[in-house]
Amino acid sequence: MLFNLFKKNSEEKEASSQYITLQVREVVRETSDAVTLYFDQPEPHLEYLPGQFLTIILIINGKEERRSYSLCTSPFVDPFPGITVKRLKGGVVSNYINDLVFPGKKITVMRPMGNFTCDYHSKNKRHYGMIVAGSGITPILGITKSILINEPDAKVSLLYGSRNEEQIIFKSVLENLGNQYPGRIQVFHKLSQPSSVWAGTKGRIVASDIQNFGRDLLADSDHESRFFLCSPQEMMEAGKISLAEMGVSKDQIFTENFFIEAKDKSGNEEEGVQQITQEVTITLEGQSYTFDVTPDKTILEAGLDMDIDMPYSCQSGLCTACRGRLLSGKVTMDEDAGLSENEIEAGYILCCSSKPKSGEIKINIE
Ligand SMILES: Cc1cc2nc3c(=O)[nH]c(=O)nc-3n(C[C@H](O)[C@H](O)[C@H](O)COP(=O)(O)OP(=O)(O)OC[C@H]3O[C@@H](n4cnc5c(N)ncnc54)[C@H](O)[C@@H]3O)c2cc1C
Ligand code: FES
């Protein structure tokens, strides 16, 4: 049964604390497949941590589309916040942004979120290992700039996979950082389909590359090591396994997933999900909503069907925009990659991938 209904129009969205409107001030083409949008600073200025992402909300062909894009800028260095979007074949939003967004366009976004960031301190003496491919460079650039300016004793090594020379996003920005901070940042490019004149390493980044990279970094006994990974899932898994084998502990490794291959739902993944409709109550911005969730729906889908303005972005368990705390009842989560172990222990769930496993479910969305 539904006690409270409301769907926000765009003006109401602006007035709500979770949304903000940003105006594009500059569009910079980084490669033939990637573009950076810089936004005017709103008043008050956009508050974000390096490595966090924005959820962009666009109406395309009459349908609301939401996607997450990491901020490529550093709040410590860059006057204007920016996101870099790489075109995906057939992708609705990435192609729209690459082709049809120009300076002056106003875009509704959700306030920055995400835990892929760093605890900066001028006294830190760390050597950071960044392992990235393609658009994974985006949050890493903001984090790297922030490290270099905030931690004078820190060093950054970047293992960076791209398709070819032309597709290296931020190539010259990284070279400029090398000149600005001599001896503190080194970049190792690996190209999967380079031109015939490429003299560097060729192929995709594989486990042995990560092992060699990690070994060199760990040999730097003057510095504490930290690793940041943002890459396709296969490379990310190879990275996590290789680093663990070298004795790197989980709390030294930070990961951001942009995309997870859809799971095969033909197996018994739905085990534990009750095949009956359950009542769920969520609290959002101080209001409570009670609604039914049928067995074929996630809690987010059921809430959106009732026109409740629940926060969300990726709808695949990665971005945490739909995060809530389970106060009572039980759920099963298909995908929890976006949550840390601590968050799971503290009772946080992702509404986009959760289905009721019991009655009397109460969730607080902060
Ligand atoms: C936390 C987070 C941060 C992100 N930051 C960035 C960023 O900084 N820059 C950036 O370019 N993208 C980023 N992404 C990915 C972005 O949100 C979109 O998923 C991507 O732009 C594709 O959207 P689309 O509408 O173009 O494609 P869709 O129309 O949604 O999908 C088109 C096809 O591509 C597949 N697909 C969707 N997303 C991906 C993906 N990421 N990789 C491979 N295949 C995919 C789909 O299965 C489908 O087959 C981020 C994602 C997350 C969760
Ligand atoms: S909407 Fe992204 S994790 Fe749920």
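Computed from the coordinates by the stated procedures, all read-outs in this text should not be read as laboratory data. Since we're looking at a predicted model, the values are computed, not measured. Heads up, the Cβs are rebuilt from the backbone with ideal geometry, glycines too, and the neighbour counts pull from every protein chain shown.
Taking the fewest neighbouring Cβ atoms within 10 Å as the starting point, the ordered list for E335, E285 is E285, E335. Residue-wise HN-Hα couplings along the stretch 337-345, as the Karplus relation 6.51 cos²θ - 1.76 cosθ + 1.60 with θ = phi - 60° gives them from phi, are 4, x, 8, 7, 4, 4, 5, 5, 4 Hz; Gly and Pro carry x. Of all aspartates and glutamates in the structure, the ones whose alpha carbon falls short of 15 Å from that of K362, not counting any fewer than 8 places away in one chain, are E279, E285, D292. If you take every DSSP beta bridge fully contained in the stretch 278-365, what fraction is antiparallel? Give it as a percent rounded to 5. Restricted to the stretch 278-365, the bridges split so that about 75 percent are antiparallel.
Taking amide H as placed 1.01 Å from N in the peptide plane, the amide H of A321 sits under 5 Å from that of S313, C314, each at least 5 places away or on another chain.
Of the three principal axes defined by the Cα atoms of the chain, the extents in descending order read 64, 48, 43 Å. Rounded, prolate or oblate: which fits the stretch 278-365 when a ≥ b ≥ c are the square roots of the eigenvalues of the alpha-carbon gyration tensor, with rounded for a/c under 1.5 and prolate only if a/b beats b/c? It is rounded, given that a/c, with a ≥ b ≥ c, falls under 1.5. For the residue pairs K123/K250; K123/K202; K86/K190; K105/K240; K125/K171; K63/K357, the C-alpha atoms sit more than 29 angstrom apart in K123/K202; K105/K240; K63/K357. Across the stretch 201-210, coupling constants 3J(HN,Hα) worked out from phi with the 6.51/-1.76/1.60 Karplus curve, θ = phi - 60°, read 6, 10, x, 7, 6, 10, 3, 5, 5, 5 Hz, and Gly and Pro carry x. Paramagnetic label reach from K125 (point 7 Å along Cα→Cβ; backbone nitrogen cut-off under 19 Å): within the stretch 143-169, residues 147-157. Beta bridges from DSSP with both residues in the chain: antiparallel share about 60 percent, rounded to the nearest 5.
Rounded if a/c is under 1.5, else prolate if a/b is larger than b/c, else oblate: which is the stretch 54-157, with a ≥ b ≥ c the root eigenvalues of its Cα gyration tensor? It is prolate, given that a/c is not under 1.5 and a/b is the larger ratio. Based on DSSP H segments of at least four residues, each scored -39500 (n - 2.57), the chain has a per-residue ellipticity at 222 nm of -6000 deg cm²/dmol.
Derived scalar couplings between HN and Hα for the stretch 80-87 equal 10, x, x, 10, 10, 10, 9, 5 Hz in order, rounded to whole Hz, by the Karplus curve 6.51 cos²θ - 1.76 cosθ + 1.60 (θ = phi - 60°), x for Gly and Pro.
Residues whose amide H comes within less than 5 Å of that of C72, counting only those at least five positions distant or on another chain, are G82, I83, T84 (H built at 1.01 Å from N in the peptide plane).
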